[in-house]
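Asks: There's a structure below that I have some questions on.
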Amino acid sequence: MTRFKSARALLALFGLVAAMAAAQAQGAARLPNVTILATGGTIAGSGATSTTTVGYTAATVGVEALIKAVPELQKVAHVSGEQVFQIASENMGNDNWLALAKRINVLLAKPEVDGIVITHGTDTIEETAYFLNLVVKSRKPVVVVGAMRPSTAISADGPINLYNAVITAGSQEAVGKGVLVVMNDQINAAREVTKTNTTTTDTFKSPELGMLGYIVDNQPHFYRASTRKHTSDTEFDISKLDALPQVDIAYAYANVGPTVVNALVGAGARGLVHAGVGDGSLPAKVRPALSAAREKGVIVVRASRVGQGVLARNGEANDDQLDFVVADTLNPQKARILLMLALTKTNSTREIQRMFYTY
């Protein structure tokens, strides 16, 4: 009887070991499914020589070549690629954003897709990321990535950036964090990140609030999260939109006049972001033009060219009296994006101000 019990115990032990081994093998085989949507940019650029890091041609390398150049991707994810656009990011337009966002929403609705990576030029990467942060309808990770050096350069940063982006997009840690920008081993929130240097690889930073985390040992490590609503928690629906309202930016400087504001209103702008000096101050020559624009129904948002800080309502201008909106901490280019989407919902300045404090 004792031998029988011992044999049963031994068989149970073997069974447990076999089950554990099978579970480990299954876990190893269960790599996330990540789709790379390529749009062009420097990460897909090429130069005349291996030392050409300026004056190169953007958007010359296709998505399949980008994936093939980083064979290590196959060890961390099941990767597929689509060439959505092939453009330099200074040419990114509203129509591109709408098409990209709609494609992302279609892909993320599929249960087999775990995350999305968008390769993108760095000039407008922060704008695309913030737009997607407001209109993507999923908690699954969406990571926007680029490069500061073309693919042909010595020490090109594109391959490691792409590798880190795929790791992040396939991770559970990134779920629900909103749209992310991953470059230079750092993870930044779409709402807060901005390009701070024209050429260096450490250009993308969140100057005031700081990055969300790092990529270390092939894993994303998050130290904080953005508190503003994003992705599946926003009120914006672009599924039936074919165009976005015209919103433009008027830049302030010493001795500025009303010419630009008047021209933009005359060209049909439904919204204007005034990139003011300091705390969004309104120059004496420009204030009447902005006030007249508001009287014509144009929504005016006061922002700042400074790049950091909260823009105080009723601080440098009586926003209640002028019926203006303030941008909170958004820089002018991101304020423009939120205003465009806001105008698809309402013309109420009170409601639009709520949105600026929400997103």
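The values are calculated or read from the model by the stated rules, or taken from the named source; none is laboratory data. As the structure is a computational prediction, the values presented were derived from the model and not from experiment. Here the Cβ is made from the backbone with ideal geometry for all residues, glycine too, and neighbour counts use every protein chain on show.
Asks: Report every pair of residues separated by at least 6 positions or lying on different chains whose Cβ atoms are under 8 Å apart, first residue within the stretch 253-268 and of a type outside the set (A, V, I, L, M, F, W, C), second surrounded by fewer than 17 Cβ atoms within 10 Å (Cβ to Cβ).
Replies: That search, which allows pairs on different chains as well, returns 257/285; 258/285; 258/288; 268/246.
Asks: Restricting attention to the stretch 202-234, which residues are in contact with a helix residue (DSSP H, G or I) (Cβ under 8 Å, 6 or more places away or on another chain) and in a loop (DSSP other than H, G, I, E, B)?
Replies: 218, 228, 229, 230, 234
Asks: Another question, if that's okay. Is it the case that residue 283 is out of contact with any Asp or Glu (no Cβ under 9 Å at 6 or more places or on another chain) and farther than 30 Å from residue 196 by Cβ?
Replies: No: the conditions fail for residue 283.
Asks: Another question, then. What do you reckon, is residue 303 aliphatic (A, V, I, L, M), under 30 Å from residue 139 (Cβ atoms) and assigned by TED's automatic domain parsing to the domain that holds residue 209?
Replies: Answer is no for this residue.
Asks: Residues in the stretch 255-267: is at least one at pLDDT 95 or above, in contact with a His (Cβ under 9 Å, 6 or more places away or on another chain), surrounded by 15 or more Cβ atoms within 10 Å (Cβ to Cβ) and not assigned by TED's automatic domain parsing to the domain that holds residue 108?
Replies: yes
Asks: Still on this structure, I have one more. All but one of (1) surrounded by fewer than 13 Cβ atoms within 10 Å (Cβ to Cβ); (2) under 28 Å from residue 135 (Cβ atoms) hold for residue 272; state the number of the condition that does not hold.
Replies: (1)
Asks: Cβ-Cβ under 9 Å, sequence separation 6+ or interchain: first residue in the stretch 218-232 and on the phi > 0 side of the Ramachandran plot, partner hydrophobic (A, V, I, L, M, F, W, C). Which pairs?
Replies: Within 9 Å, the pairs are 218/76; 218/167; 231/132; 231/134; 231/135; 231/136; 231/142; 231/179.
Asks: Looking at the stretch 76-107 only, could you name the residues that are of a type outside the set (Ser, Thr, Tyr), in a helix (DSSP H, G or I) and in contact (Cβ under 8 Å) with a residue 40 or more places away in the chain?
Replies: Listed by number, the residues that qualify are 94, 95, 96, 97, 98, 100, 101, 102, 103, 104, 105, 107.
Asks: Please go through the stretch 58-101 and give me each residue that is of a type in the set (Gly, Ala, Ser), under 22 Å from the mean Cα position of the chain (by Cα) and either outside the structural domain of residue 164 (by TED's automatic domain parsing) or over 15 Å from residue 164 (Cβ atoms) (or both), ordered by number.
Replies: 58, 59, 62, 80, 81, 88, 89, 93, 99, 101
Asks: Give all pairs with beta carbons closer than 7 Å in which a residue from the stretch 116-135 that is part of a loop (DSSP other than H, G, I, E, B) meets a residue that is among the basic types (Lys, Arg) and surrounded by fewer than 24 Cβ atoms within 10 Å (Cβ to Cβ); count only pairs at least 6 apart in sequence or on separate chains.
Replies: Listed by first residue and then by second, the contacts come to 122/195.
Asks: Considering only residues that are outside any loop (DSSP other than H, G, I, E, B) and crowded, with 24+ Cβ neighbours inside 10 Å, which ones fall in the stretch 141-159?
Replies: Selection gives 142, 143, 144, 145, 158.
Asks: Among (1) aliphatic (A, V, I, L, M); (2) outside the structural domain of residue 322 (by TED's automatic domain parsing); (3) surrounded by 21 or more Cβ atoms within 10 Å (Cβ to Cβ), there is one condition residue 238 misses while meeting the rest; what is its number?
Replies: (3) is the only condition that residue 238 fails.
Asks: Specify the residue that is surrounded by the most Cβ atoms within 10 Å (Cβ to Cβ); the eligible residues are those in the stretch 292-315 that are under 10 Å from residue 271 (Cβ atoms), out of contact with any Lys or Arg (no Cβ under 6 Å at 6 or more places or on another chain) and of a type in the set (Val, Ile, Thr).
Replies: Here the answer is 301.
Asks: Just to check your reading of the model, which residue among 242, 237, 248, 202 is modelled with pLDDT of 95 or more, under 20 Å from residue 168 (Cβ atoms) and charged (D, E, K, R)?
Replies: 202
Okay, residues lined up against (1) surrounded by fewer than 19 Cβ atoms within 10 Å (Cβ to Cβ); (2) β-branched (Val, Ile, Thr); (3) out of contact with any strand residue (DSSP E or B) (no Cβ under 9 Å at 6 or more places or on another chain):
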site	(1), (2), (3)
58	no, no, no
106	yes, yes, yes
135	no, yes, yes
139	yes, no, yes
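Asks: Please state which one of 345, 334 is of a type outside the set (Ser, Thr, Tyr), within 22 Å of residue 133 (Cα to Cα) and part of a helix (DSSP H, G or I).
Replies: Being of a type outside the set (Ser, Thr, Tyr), within 22 Å of residue 133 (Cα to Cα) and part of a helix (DSSP H, G or I) holds for just one of 345, 334, which is 334.
Asks: Moving on. Can residue 43 be described as modelled with pLDDT of 95 or more, in the same structural domain as residue 152 (by TED's automatic domain parsing) and either crowded, with 17+ Cβ neighbours inside 10 Å or touching a Gly at 6+ places or on another chain (Cβ under 6 Å) (or both)?
Replies: no
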